[in-house]
1. Choose one answer from His354, His302, His39: the residue with the largest mean-square fluctuation in a GNM of the chain with alpha-carbon springs under 10 Å.
2. Debye calculation, C-alpha points only, no solvent: report log10 I(q)/I(0) for the range 1-105 at q = 0.19 Å⁻¹, in the same order as the q values.
3. Quickly estimate the mean residue ellipticity at 222 nm for the chain, helices only: each DSSP H run with n ≥ 4 gives -39500 (n - 2.57), and the total goes over all residues, rounded to 500.
4. What are the ³J(HN,Hα) couplings of the range 93-103, residue after residue, when phi is run through the Karplus curve with 6.51, -1.76, 1.60 and θ = phi - 60°? Round to Hz, x for glycine and proline.
5. Hand me the trypsin sites (Lys or Arg not before Pro) from the range 220-250 located in a DSSP loop with no more than 11 other Cβ atoms within 10 Å, in residue order please.
6. Which residues in the range 97-112 place their backbone N less than 14 Å from a point set 7 Å from the Cα of Arg367 along the Cα-to-Cβ direction?
7. Let me check I've understood the local charge: for Glu245, count other residues with C-beta under 12 angstrom from its C-beta, Lys and Arg +1, Asp and Glu -1. What total comes out?
8. By a straight-distance test (C-alpha under 15 Å), which aspartates and glutamates pair with Lys3 as possible cross-link partners, with residues fewer than eight away in the same chain excluded?
Amino acid sequence: MSKRIIIVGSGTRFVSGISYYTSLLATTLAHDHEVSMIHMRNLIPRIFYPGRARVGAAIMAEELQPNLPTFDGINWTLLPSLLRALRFAKRANPELIILQWWSASALPAYLALARFARRRGIPIVIEFHETLDTAEANLPLIGGVIRRGLSRLIVQASAFVVHSHFDFEEMTSILKLPEHQTVIIPLGAFPMAQSETPAPPVDPTTCTILFFGTIRPYKGLEFLVEAFDLLPRNEVKWKLVIVGETWEGWTTPFDRINESANRSSIEVVNRYVIDSEIPAYFTAASLVALPYLRSSASGPLHLAMGAGLPVVVSDVGGLAEAAHGYRGAIFVEPGSPQHLADGLVAALDLVGEHFVDPRSWDETLVRYNGVINQIFNNTHS
């Protein structure tokens, strides 16, 4: 049952993992539906954005962006961009609107779009990637204000999508999402763009550990650096490559790096790399380490599984469920350098083997179609 759908989510100006997910979901649903997109463009004043130096840069590869009708996009100031977005929505004449929730900065625009939908009898699906961004949650008074606004949005939705049983329990408890309207749809595979730079030659005598992603307090990178110093070096030559942009002024991992007895074996690329650079880092890696202290989902985890690499990942949040069925995953206790070091040593037995990613966007399409069909069956019953 094909429907006209508008998907609203992060655009390509303030690029994040949600930008990729929004594009991939739109491409997937376009197989069965008529899909349009509305981007959230300037999320907040640029000066307050942790990655402000790269805002507007051509980071996201064109081949990962769907060729679909798109309004780019709504700014934090709302006017006049919101009025233009509503005109775009009227022309698209949607039968369903899907809102991606990942940042409180989108709330005012989402409430306006929900009002547009309510007046026209258009059902809404809200897809939750987390309750509230960790940096936003730490702002004074913001958590309570946003939760009140979010509760107004939630009561207007016909269905909710989360990505794991962990998220289901958390969202239905904290956000009071109705359990009978909340559906679990795992994240699909995250493809890599085509590489424009050749991968460096791989040293077969060295085990190269890759940490990839933004550097934030909850990512646990400082524990990985400590674990790196605990690794046995009598038979194995280890190298640690850290590729990521610092957020929230989190410098503790760099203090650990400077103090490390193995500093000469640690390479740091402290910036947000563009898509065409990513394949080279994963090709040169022996394994990937993700020492998160908390997380409901992880783009780097899906990139690692897509590359078929062994991955040592903390057993927190929804990560174990995200990697379920992936034979290259080793789970470790969060916040423990020794457990992480033991996991890295255990992963040596997996190095060189290519593992199959069990995640699929075909599964996403089937499950999303189930949500859509249920909404319209209930409407007509």
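1. Largest GNM mean-square fluctuation: His354.
2. One equal scatterer on each Cα of the range 1-105 leads to -0.94.
3. -10500 deg cm²/dmol
4. After applying 6.51 cos²θ - 1.76 cosθ + 1.60, I find 6, x, 9, 8, 10, 10, 9, 8, 9, 8, 9 Hz.
5. For trypsin sites (Lys or Arg not before Pro) across the range 220-250 that sit outside H, G, I, E and B with at most 11 neighbouring Cβ atoms in 10 Å, the list reads Arg233.
6. none
7. Net charge around Glu245: +4.
8. Cα-Cα hits under 15 Å: Asp32, Glu34, Glu95.
Bear in mind these aren't lab numbers, they're just calculated from the coordinates by the rules spelled out. All values reported here derive from a predicted model rather than from experimental measurement. Note that each Cβ is placed from the backbone with ideal geometry, even for glycine, and that neighbours are counted across all protein chains shown.
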